[in-house]
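Only one structure is covered here, and it is reproduced in the block below.
The values are calculated or read from the model by the stated rules, or taken from the named source; none is laboratory data. Predicted model only: the values in this text are computed from it and were never measured. Cβ sites come from the backbone with ideal geometry, for glycine too, and all protein chains shown count toward neighbours. All accessible areas refer to the heavy atoms of the entire protein, side chains included, with ligands and DNA or RNA removed. Shrake-Rupley method; radii C 1.70, N 1.55, O 1.52, S 1.80 Å.
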Amino acid sequence: VQLQASGGGLVQTGDSLTLSCVVSGDTFSNYAMAWFRQAPGKEREFVAVRRRSGGRTYYADSVEGRFTISRDNAKNTVYLQMDSLKPEDTAVYYCAAGRPILSEIRTSRMYLYWGQGTQVTVSS
């Protein structure tokens with residue numbers, strides 16, 4: 001399974017940005033799709049996930065209400081719409097695919113496949 005993330009860039013505080021991640025090599029709908037991020041000097045952290053069945057979504061508290069994860073199974077693509085961006089959102093963003101159990105849906109080790117990362121920089 002291959003994941004290709006794109007859409008990062010340099011934006012200003014309050015701007016919006018949409019990340020995309022295209023999945024190939026397996027049936028997209030078999031996987032929960034998530035976004036994680038890693039800022040310089042920090043550990044990788046969970047951002048959002050959309051489950052494979054039912055499409056229920058979960059978000060980190062820090063992005064709840066500002067970010068929206070969605071998926072288009074026909075296009076094998078997951079999106080992360082990011083609104084009201086803040087400087088603390090600056091990080092490399094990674095998409096991930098897996099079949100996590102619900103209790104660990106925010107845990108990076110539950111995801112088998114990862115994209116290469118796309119840089120998001122929010123200037124103040």
Total formal charge among the other residues, if their Cβ is under 12 angstrom from that of residue 95, Lys/Arg +1 and Asp/Glu -1: +3
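Note down the net charge around residue 111, summing +1 for each Lys or Arg and -1 for each Asp or Glu among other residues with Cβ under 11 Å from its Cβ.
Taking every Cβ under 11 Å from that of residue 111, the sum is +3.
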Just how far, in whole angstrom, is region 46-69 from region 78-121 if you go by their alpha carbon centroids? 10 Å
For a Förster distance of 22 Å, can you work out the FRET efficiency between the beta-carbons of residue 10 and residue 38, rounded to the nearest 0.05? 0.80
The simple spin-label model distance between residue 24 and residue 112, using points 7 Å out along Cα→Cβ, in nm, is 1.9 nm
Env charge @ residue 61, Cβ radius under 13 Å, K,R +1 / D,E -1, value -1
Percent of C-alpha pairs per 10 Å bin, region 32-101, short to long: 20, 54, 24, 2
Note, region 24-31: 3J(HN,Hα) by Karplus (6.51, -1.76, 1.60, θ = phi - 60°), whole Hz, Gly/Pro = x, goes 9, x, 7, 6, 4, 5, 6, 10
The ³J(HN,Hα) series, computed from each phi in region 98-107 with the Karplus coefficients 6.51, -1.76 and 1.60 at θ = phi - 60°, rounded to the nearest Hz and given as x for glycine or proline, is x, 10, x, 6, 4, 5, 10, 5, 9, 9
Heavy-atom accessible area per residue - the chain, 1.4 Å, Å²: 51 Å²
Values of log10 I(q)/I(0), in the order q = 0.19 Å⁻¹, for region 1-59 under a Debye, Cα-only, solvent-free model: -0.90
